[in-house]
Amino acid sequence: MKRLPKALTFDVVGTLIDFETGMMNFIHTQCGEAGKKVEREAFLSAYREMRARGETLNFPDDLMPIYETLAPRFGLPEGAEHVKAFAQAAHDWPAFPDSVDALARLARHFKLVAMTNTQRWAFKGMEKTLGMPFHDSVTVDDALCEKPDPEFFAFARGRLSRDGIVKNEILHVAQSQYHDISVGRDLGYTVCWIERRKTIGGFGGTIAVTELTRPDYHFSTMKELADLADRNELFMIYD
């Protein structure tokens, strides 16, 4: 029997918030003439390599050592002021053009919950940018771990259980194969992959995986997901 989900959980950075454009906006507008010359894909590739090494700081504070390392490679301004500003800019990164409307539409049908590795101080800005669509949110400050750690999903699931919502009533929506889609499927969630770079290709600033996990739903935009929900055709796949 087909069943609608009761809750949609969302990765935020990369799925709803365009972190790649956010970072490049900073590089191109706040880093002088050198910043204007930085090629987007070259910087994102270098950033992805740094991200894959792992950091001990929580996101987006971990952007500081990344900028500090990459700045001399790309001829960008160095020093504590630019290092800090690069990380602080995450608070005001832009949403993807379809995010706000799609979330507002989805909120008419389901309980929406953010699941983000972002610290609360930065998420507050992102949430405002997205139009305050979430019924609840779990940040790295709450879970004390980061996706793809299954404990992050368990923490969020525990929050949803207060409203009587269990795992087979939750559909997880995300862009990152590494942080969300693979672990989500392994844990038995119905998952929706929003492949933001579908028309571009490559992993951009997101940690790469050697093998893609096949999702239950696969779109390139949030609009497609909202359209499916408006037609009452967004069903749970696994029970």
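Which one of Thr21, Leu63, Cys31 is farthest out on the positive end of the charge dipole of the range 1-65, using unit charges on Cβ (Lys, Arg +1; Asp, Glu -1) and the Cα centre as origin?
Working it through, the farthest residue towards the positive pole turns out to be Thr21.
Can you compute 3J(HN,Hα) from phi for each residue in the range 125-131, using the Karplus curve 6.51 cos²θ - 1.76 cosθ + 1.60 with θ = phi - 60°, rounded to whole Hz and x for Gly and Pro?
Result, ordered by residue: x, 5, 4, 5, 4, 7, x Hz.
Loop-only check: which trypsin sites (Lys or Arg not before Pro) in the range 54-147 are DSSP coil with at most 16 other Cβ within 10 angstrom? Show your work: numbers first, answer last.
Values: sites: Arg73, Lys84, Arg105, Arg108, Lys111, Arg120, Lys124, Lys128; in loops: Arg108.
Qualifying residues, ordered by number: Arg108.
Under the Karplus relation 6.51 cos²θ - 1.76 cosθ + 1.60, θ = phi - 60°, what is the ordered set of whole-Hz ³J(HN,Hα) values for the range 33-46, x standing for Gly and Pro?
5, 4, x, 5, 8, 6, 7, 3, 5, 5, 5, 5, 5, 5
Round to the nearest 10 and give me the degree value, 0 to 90, for the angle of helix 63-74's Cα axis relative to the longest principal axis of the chain.
50
Give the lysines reachable from Lys84 as a straight Cα distance under 29 Å; neighbours fewer than 8 places away on the same chain don't count.
Lys36, Lys37, Lys124, Lys128, Lys147
Rounded, prolate or oblate: pick one for the range 81-239, where a ≥ b ≥ c are the square roots of the eigenvalues of its C-alpha gyration tensor, a/c under 1.5 means rounded, and failing that, prolate if a/b is larger than b/c, else oblate. Can you show the working numbers first?
Values: a/c = 1.28, a/b = 1.22, b/c = 1.05.
It comes out rounded by the Cα gyration axes.
Picking from Asn168, Gly205, Thr139, whose Cα lies most toward the positive end of the charge dipole for the range 124-205 (charges on Cβ: Lys, Arg +1; Asp, Glu -1)?
Positive-most Cα among the choices belongs to Gly205.
If I fit a long axis through the Cα atoms of helix 150-161 and take the longest principal axis of the Cα atoms of the chain, what angle between them do I get, 0 to 90°, rounded to 10?
With both axes taken from Cα atoms, the answer is about 50 degrees.
Straight-line reach from Lys2: which lysines have a Cα under 24 Å away, not including same-chain ones fewer than 8 places off?
Lys111, Lys167, Lys223
Per residue, how much accessible area does the range 45-163 have with a 1.4 Å probe, in Å²?
On a per-residue basis, 46 Å².
Once you charge only the Cβ atoms, +1 for Lys and Arg and -1 for Asp and Glu, what is the size of the charge dipole of the range 1-114 about its Cα centre, to the nearest 20 debye?
780
The values are calculated or read from the model by the stated rules, or taken from the named source; none is laboratory data. For clarity, every value in this text was computed on a predicted model and none was experimentally measured. Counting neighbours? That spans all protein chains shown, and the Cβs are built from the backbone with ideal geometry, glycine included. For accessibility, only protein heavy atoms count, side chains too; no ligands or nucleic acids. Shrake-Rupley method; radii C 1.70, N 1.55, O 1.52, S 1.80 Å.
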